[in-house]
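The numbers here are math on the coordinates, done by the rules we state, and not lab data. Everything quoted here is computed from the prediction, not taken from an experiment. So basically every Cβ, Gly included, is an ideal-geometry build from the backbone, and we count neighbours across all protein chains shown.
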Amino acid sequence: MSTAWIPRYAHRAKGVGSSAIRELLKVTSKPGVISFAGGLPSPDAFPLQRFEEACHKVLAEQAARALQYGTTEGHEPLRELIARNMARYGITAKLENVMITSGSQQALDLIGKLFINRGDRVLIEAPTYLGALQAFNAYGAEYISVPIDGDGLITEMLEKPLRSGPKFMYVLPNFQNPAGTTLIEGRRHELVLLADKYGIPIVEDDPYGQLRYEGEHIPPLVVIDRENLRRDNGYSIGNVIYLSTFSKTLAPGLRLGWIVAPPEIITKLVQLKQATDLHTSTFNKYVAYEVARDGFLDQHVKLIRGLYRERRDVMLEALKEFFPPEVTWTHPQGGLFLWVNLPEGVDSRTILEAALRENVAFVPGNSFYANADDEACRHMRLNFSNATPEQIREGIRRLSLAVGSNLLSSCA
Ligand SMILES: Cc1ncc(COP(=O)(O)O)c(C=O)c1O
């Protein structure tokens, strides 16, 4: 295409491409394809009737405000509801600590905008959430990757990277996307202490924390940071900025997430958000409040846990039944994903080609690394929330054919 615009792209646009998942989702929308590729919640988990009632109520009683411009921080009753909800998990945020964003994805972008200069290094888990890499890449971030194992980020390997002075750490302690692993409590304490020792702040991204299907709740880093370091500045937030979202508990189409941070940082983020979109949809915030209030959110989260626990179990069972013994996988205690480990030398991208011929899709592991190597290609991320139990069983059977034939060819 010949246009005077193309040579005029800013530097930040040069490192930006379409995400592998967005590209893959185009293929997977074909009829007949069973997709484990996206991170989509199940439409069966959307509380339709409650949304319908909430929309009517907002339009009947509060239309003049709900359809008007609003504050950048977001609708106060909703922020209060978020603060009350988080208090049950030990996060004692006040109104001034909470701002609403257009999904957690915007929170990641705003954090990039506020903290990352071109060439700054961000310490990340390997693998990590692809959307965070996309958000930070636009600001010219470079990365220090620290591997995870079955117990989450390997804190024993943190000291040297922290000494090298990254701008901040980006960590997913609960049911990590993509690996489904959870950072164990002992390591959470170590992480917070090391962060304090080296003066490196933490961004804790927690979209899945409420979706626990087994085991006990583990305190978030933001709570451990306050308790261990006895911060007594009246709110719980010191070295940790905490992010969460309604995408997995109500509906991702709302585009409603939130940031918990000290008031000075909220003020800066609010100024940056003003430049981005003035504020997140007022109407959606009013509706979300009406949907979530009076204990509905808790009740609904219980229902989602039941739905996804069953789907996770069906996927784990099917993997055991159909997959060859050389292949292993994680057993997530919550969230939406599990992570498959293929034997050395097997490339999940080749398996994806075969899988698409069988009409089943997943995301190859290399997408989730800042610097993907052969090891990164040996993994597959599987989502278990979006397909029905029947589709999951059939999809895993089809996938096992693609995996089986590629194990044979890589050994031959
Ligand atoms: C770890 C993580 N962070 C952030 C997001 C973005 O979520 P939202 O829909 O709130 O923008 C996702 C979405 O899948 C995610 O997995």
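What the table shows:
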| item | result |
| --- | --- |
| Length added when fully stretched, D313-L272, from 0.36 nm per residue minus Cα-Cα | 10.5 nm |
| Cα long-axis angle, helix 348-357 against the chain (0 to 90 degrees, to the nearest 10) | 80 degrees |
| Amide H contacts of E142 (H built 1.01 Å from N, under 5 Å, at least 5 apart or other chain) | G119, D120, R121, V122 |
| For the chain, share of DSSP beta bridges that run antiparallel, in % to the nearest 5 | 55 percent |
| Those residues of the stretch 294-323 whose amide nitrogen sits under 12 Å from the label point placed on R88, 7 Å along Cα→Cβ | 294-303 |
| Under 25 Å from the Cα of K160 - lysines, other chains or at least 8 residues apart | K197 |
| Computed label-point distance, nm, for sites F296 and E76 using a 7 Å Cα→Cβ extension | 2.2 nm |
| Kirkwood Rh and Cα Rg combined as Rg over Rh, evaluated for the stretch 256-340 | 1.18 |
| Rounded FRET efficiency, nearest 0.05, which uses the C-beta distance separating E214 from E159 and R0 of 25 Å | 0.20 |
| For A402, net neighbour charge (Lys/Arg +1, Asp/Glu -1) across residues whose Cβ lies under 11 Å away | +1 |
| By average C-beta atoms within 10 angstrom, highest first, the peptides 385-392, 240-247, 51-58 | 240-247, 385-392, 51-58 |
| Selected from S145, A10, G253, residue furthest toward positive end of dipole (the chain; charges at beta carbon) | A10 |
| Percent RCO, i.e. relative contact order, over the stretch 334-412, from Cα pairs under 8 Å lying at least 6 residues apart | 40 percent |
| Label-zone membership for the stretch 104-126, site Y9, 7 angstrom Cα→C-beta point, backbone N under 19 Å | 118-119 |
| Mean Cβ count within 10 Å, highest first, over the residues of peptides 27-35, 10-18 | 27-35, 10-18 |
| Candidates M157, M380, M315, ranked by Gaussian network fluctuation over the chain, Cα under 10 Å, top entry | M157 |
| Cβ-Cβ FRET estimate between K30 and Q391, R0 fixed at 22 Å, reported to 0.05 | 0.95 |
